[in-house]
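Structure first, commentary second.
The values are calculated or read from the model by the stated rules, or taken from the named source; none is laboratory data. Since we're looking at a predicted model, the values are computed, not measured. Every residue, glycine among them, receives a Cβ derived from its backbone with ideal geometry; neighbour counts consider all protein chains shown. All accessible areas refer to the heavy atoms of the entire protein, side chains included, with ligands and DNA or RNA removed. Shrake-Rupley method; radii C 1.70, N 1.55, O 1.52, S 1.80 Å.
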Amino acid sequence: MNNLLAPILPVNHSGQSTWEEWLDYIHAAAQSAASSEQTLIRDESWKYTRQPAFRTKVGTFATTEPVIRTGFQQTDEPVKGRQWDLMPLSRAYALKPDLVTTQFGRIARADARLMTALNTQAFKDGVFLYIPPGQVIHEPVEIVLTLTPSRAPAFPRVLILIGAGSECQVIERHIWVTDHSDEASEHALRVVNSVTEIHLERRATLTHYVEQQGDSSVRTVSLTSVCLDEDSFYRSFQFDGLGTLLRHEQDILLAGTKAHVQLETLALLASREHRDRQTRISHAAPATRSEQRVRSVVGAHATSIYGGRIRIQRNAAGSDAIQDNHHLLLDSSSRAMSRPELEIAIDDVRCTHGSRSGELDRDALFYLRSRGIDPDHARHLLIRGFTEEFLALIPSEPIRIGWQETIAKTLSRIGEP
Amino acid sequence: MNLLELRNLHVAIGDRMVLKGVNLEVPAGELHAVMGPNGSGKSTLVQTLAGAEPYRVTDGQAHFLGSDLLAWTPEERARHGLFLAFQYPVEIPGLGNAYFLRSSVNAIRRARGEAELDAADFLSTLRSELSAMEMKPELLERSVNQGFSGGEKKRNEILQMKLLKPCLALLDETDSGLDIDALKIVARGINAMRDRKRGFLVVTHYQRLLDYVEPDRVHVLVNGRIVQSGEADLAQMLEQRGYDWLTELSQV
């Protein structure tokens, strides 16, 4: 096994201790990781986004209460007779201690990133999804993370394990909207630091839909960390709606031969908003494949950042990596920055990347106007076309239609007709 | 009645003068061809008439249906019945062709005070025109012009012309890049639209299209000016003699 996957948190509790004891142990281990020198090395990927400040004393945080839904029906308890598990992490610890203690923190490593360390030392509970080997789940599993009314920072945590040969779809909704009935919260900036870690065993397939919605009072930093074994396929469709500051990181480790990852993202930025997307893909086995398309629609005075690192290791012969990034700037005051980083250790690979930022295509605008379409509507059609390119890739029709409506509403809030 | 009247039209791109005094009249019911060597200003002429941005009219007038064409925005020109079939139709990723066509037809119907077509009504009209142009139905589902072959793009332009039913159609090198079968289909589309009221200004480099679409008049544009006008046989003479003798004539 790749030594990157060695558990950072030594497994010394095989379910005998209580959840609270295990949690204390994890918190303490993460705290020491966070204070280690390695984690504190200045991380260049934060160049354009200020790291949120946390009080890092353990035990003072409120946390989100994860709302768990399966399909589109809400259930809080595990469903009997079902071949797979979706439950709070604390419950999973009681029922499947070996899985939780061996897999938690293994992919999203507390010693790798400061934000992950902070999440790991502060989370109170999380969501646990386990699909045993050989299961094909047709109904989508929906996980909704929302904020409880409070001004305290929140540390949501999700652990997803997909067994060998299994297939499923997961919808993860992050609804970071504060409760405006609490007057004080309108002025305070709420911080959310969420971590989702996913492990796909051999020949597993996961289609992962992630939607983030924020508002003007929330700053969020989220990480999705995925490890793929041999012949597994992870594809994710991420849609970032509004939010003053959203930063999303995706760490992908292609650990097994012929593992394949596809990342498709769309962000919509209203006036003065800030979005930062960082992808780090590591090809650590032969014939692995990665493709990513990162798109953003950037409103006036808004800033869209993209950093994409592709690392092809020496043992990853025959690998293929495609990276494409397109910022659509709606105004001359819209800003975008792209920073592709390719680190390729061998010759026998194919790696392509492209990055564009620009305003709406003038030729296309003229073409539409020459067909009698007024300029505002022509603009609308072109922006819609840009978002449709993302939507057209989505295999699930209900999700595609739902996001189509959300995108239309969001664009009207950005001030586009 | 003249649909189009150009008087001493001068057009520049940046500082470079491309059209240096074009005079032209296209009466209702006639099809005029504009021929000329590469770089003579043929495309500039029709792009300017459609209102494309980089072209700047520095002198002269253009009247369309008796009104000042140059005072109108591109969409106003289209709504008054002017249509340009592009030499290089623009690809628009993510915008479905059928949706685009309906948006366009309805924009023009609204401007004419006609009721908008709903999706079902429009689709039945569209389907019959599509088969007349021998276009595959899946071209409606794709993004505008994206993944279309050169010939499919040109047919898509003629399809738009047939749907929008303009008073005056400007066709910019619609024959270029077409094989003989596609050329015949495009020509058939143009001929089907010809009637006593409608006019055409067909820009072409070769006489090939004019074997299938018979012009009422042929104009030769050289170095930004019309140096010769004549009947259909002028096109055949150009095919045999080339443009060199006219280039010399224009420099006198």
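Only residues that are buried (at least 17 other Cβ atoms within 10 Å of the Cβ) and either part of a loop (DSSP other than H, G, I, E, B) or under 14 Å from the mean Cα position of the chain (by Cα) (or both) were counted across the stretch B:206-228, and they come to 6. Among the candidates A:L246, A:L254, the residue that is in contact with a Lys or Arg (Cβ under 6 Å, 6 or more places away or on another chain) and under 23 Å from A:L114 (Cα atoms) is uniquely A:L246. Tell me, please, whether a residue that is at pLDDT below 85, more than 22 Å from A:D215 (Cα to Cα) and open to solvent by less than 40 Å² (accessible area, probe 1.4 Å) can be found in the stretch A:139-155. No, because not a single residue in the stretch A:139-155 is at pLDDT below 85, more than 22 Å from A:D215 (Cα to Cα) and open to solvent by less than 40 Å² (accessible area, probe 1.4 Å).
Do we have any residue at all in the stretch B:125-138 that's within 12 Å of another protein chain (Cβ to nearest Cβ) and either hydrophobic (A, V, I, L, M, F, W, C) or open to solvent by 40 Å² or more (accessible area, probe 1.4 Å) (or both)? Scanning the stretch B:125-138 turns up no residue that is within 12 Å of another protein chain (Cβ to nearest Cβ) and either hydrophobic (A, V, I, L, M, F, W, C) or open to solvent by 40 Å² or more (accessible area, probe 1.4 Å) (or both). When the stretch B:170-184 is filtered for residues that are more than 14 Å from B:Y206 (Cβ to Cβ) and more than 12 Å from chain A (Cβ to nearest Cβ), the ones remaining, listed by number, are B:D181, B:A182, B:K184. For the stretch A:102-120, the candidate set comprises residues that are assigned to a helix (DSSP H, G or I) and closer than 21 Å to A:H248 by Cβ; within that set, the residue that is most open to solvent (accessible area, probe 1.4 Å) is A:L114. Filtered by the rule that a residue be within 11 Å of another protein chain (Cβ to nearest Cβ) and assigned to a helix (DSSP H, G or I), the stretch B:43-57 gives B:V46, B:Q47, B:L49, B:A50. Any residue in the stretch A:335-350 that is closer than 17 Å to B:L95 by Cα and either surrounded by 15 or more Cβ atoms within 10 Å (Cβ to Cβ) or within 12 Å of another protein chain (Cβ to nearest Cβ) (or both)? No. Select from the stretch B:95-105 the residues that are within 9 Å of chain A (Cβ to nearest Cβ) and of a type outside the set (V, I, T) and write down the one among them that is most open to solvent (accessible area, probe 1.4 Å). Here the answer is B:Y99. Close Cβ contacts (under 6 Å, 6 or more residues apart or on different chains) running from residues in the stretch A:361-372 that are more than 7 Å from every other protein chain (Cβ to nearest Cβ) and farther than 14 Å from B:A85 by Cα to residues that are modelled with pLDDT of 95 or more and part of a helix (DSSP H, G or I) comprise A:L365/A:A378.
All of B:I92, B:I108 fail the test of being closer than 23 Å to A:F390 by Cα and buried (at least 20 other Cβ atoms within 10 Å of the Cβ), apart from B:I92. Restricting attention to the stretch A:73-101, the residues that are open to solvent by 50 Å² or more (accessible area, probe 1.4 Å), at pLDDT 85 or above and not in a helix (DSSP H, G or I) total 1.
Evaluated against (1) open to solvent by less than 10 Å² (accessible area, probe 1.4 Å); (2) modelled with pLDDT of 90 or more, A:P133 falls short on exactly one condition, (1). Checking each residue in the stretch B:38-86 for being charged (D, E, K, R) and touching a helix residue (DSSP H, G or I) at 6+ places or on another chain (Cβ under 6 Å) picks out B:E75, B:R79. Scanning the stretch B:58-81 for residues that are facing another protein chain (nearest Cβ under 9 Å) and open to solvent by less than 10 Å² (accessible area, probe 1.4 Å) gives a single hit, B:A78.
Would you call A:E389 within 12 Å of chain B (Cβ to nearest Cβ) and on the phi < 0 side of the Ramachandran plot? For A:E389, the condition - within 12 Å of chain B (Cβ to nearest Cβ) and on the phi < 0 side of the Ramachandran plot - is met. Close contacts from the stretch B:180-192, counting a first residue that is closer than 14 Å to B:G150 by Cβ and a second that is surrounded by fewer than 19 Cβ atoms within 10 Å (Cβ to Cβ), with Cβ to Cβ under 6 Å and a gap of 6+ residues or different chains, come to B:A182/B:G151; B:I185/B:E134. As a summary of the residue check, A:A259 satisfies the conditions (1) closer than 23 Å to A:S304 by Cα; (2) among the hydrophobic types (A, V, I, L, M, F, W, C); (3) in contact with a Leu (Cβ under 8 Å, 6 or more places away or on another chain) except for the one numbered (1). Can you find a residue in the stretch B:29-41 that is more than 17 Å from B:F83 (Cβ to Cβ), in a strand (DSSP E or B) and without any contact (Cβ under 8 Å) to a residue 24 or more places away in the chain? So far as the stretch B:29-41 goes, no, none of its residues is more than 17 Å from B:F83 (Cβ to Cβ), in a strand (DSSP E or B) and without any contact (Cβ under 8 Å) to a residue 24 or more places away in the chain.
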